[in-house]
Amino acid sequence: NAGVTQTPKFQVLKTGQSMTLQCAQDMNHEYMSWYRQDPGMGLRLIHYSVGAGITDQGEVPNGYNVSRSTTEDFPLRLLSAAPSQTSVYFCASSLARGQGGSDTQYFGPGTRLTVL
Amino acid sequence: GIQVEQSPPDLILQEGANSTLRCNFSDSVNNLQWFHQNPWGQLINLFYIPSGTKQNGRLSATTVATERYSLLYISSSQTTDSGVYFCAANLMDSSYKLIFGSGTRLLVRP
């Protein structure tokens, strides 16, 4: 198993450009999520999904879109990049337990994004 | 929303020392997880521990859900234990949201 993979590893954008961060998992996990980590801080939840066709907002969703057309893939789209979106982005996946609980989280290696 | 607070924010240990990291959460939670972020940025799950005590080698964790806290114990610390330790909690509101604390940065000196 490859686990959780993310591409690209590094990206530099100019303000106003758009791009998609890719995330894929091969563990048949229902739950997938995107976090951003700013220097010296914890992880903040951007968007998450509990299955194909189901997405919901996290703590900091503005400026980002997601979709979940398959169980394996959960791309994150930046529609019009801003310097405030400079961060390290992590994708994670897990099984989904009942009653709104997620199981052990597995993280991808991260994408380091710089917006000039 | 739920508040997840970790203490201490920074910790420096001599190799071989023991330490306790604390995680407090403001609301009832479905589960509590501990993670280690190594100096290269990789996040590794250490424990999935909604309640009770678990042990894995030199690490152990205890969650007292009724009192809304969890503890991570590191015994006989090694330089490879350095990094940032995060706890994260799932609200008991069926939302599946996993909220992270701000972390404890640990440096173990040889």
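When segment A:61-87 is filtered for residues that are at pLDDT 95 or above, surrounded by fewer than 16 Cβ atoms within 10 Å (Cβ to Cβ) and among the hydrophobic types (A, V, I, L, M, F, W, C), only A:Ala82 remains.
Of the listed requirements (1) open to solvent by less than 40 Å² (accessible area, probe 1.4 Å); (2) over 25 Å from B:Pro39 (Cβ atoms); (3) at the interface with chain B (Cβ under 10 Å from one of its Cβ atoms); (4) over 11 Å from the mean Cα position of the chain (by Cα), A:Gln57 misses just one: (1). Can you pull out every residue in segment A:28-55 that is assigned to a loop (DSSP other than H, G, I, E, B) and over 30 Å from B:Leu106 (Cβ atoms)? Answer for segment A:28-55, where residues must be assigned to a loop (DSSP other than H, G, I, E, B) and over 30 Å from B:Leu106 (Cβ atoms): A:Asn28, A:Glu30, A:Ala52, A:Gly53. Filtered by the rule that a residue be farther than 19 Å from A:Met32 by Cα, facing chain A (nearest Cβ under 9 Å), without any contact (Cβ under 8 Å) to a residue 60 or more places away in the chain and not in a strand (DSSP E or B), segment B:46-103 gives a lone residue, B:Pro50. Residues in segment A:59-114 that are of a type in the set (Val, Ile, Thr) and closer than 17 Å to A:Met41 by Cβ: A:Val60, A:Thr86, A:Val88, A:Thr111, A:Thr114.
The values are calculated or read from the model by the stated rules, or taken from the named source; none is laboratory data. This one's a predicted model, so the numbers in the text were calculated from it and none came from an experiment. Glycine gets a Cβ as well: all are built from the backbone with ideal geometry, and neighbour counts include every protein chain shown. In case anyone asks, the SASA skips ligands and DNA or RNA and just uses the protein heavy atoms, side chains included. Shrake-Rupley method; radii C 1.70, N 1.55, O 1.52, S 1.80 Å.
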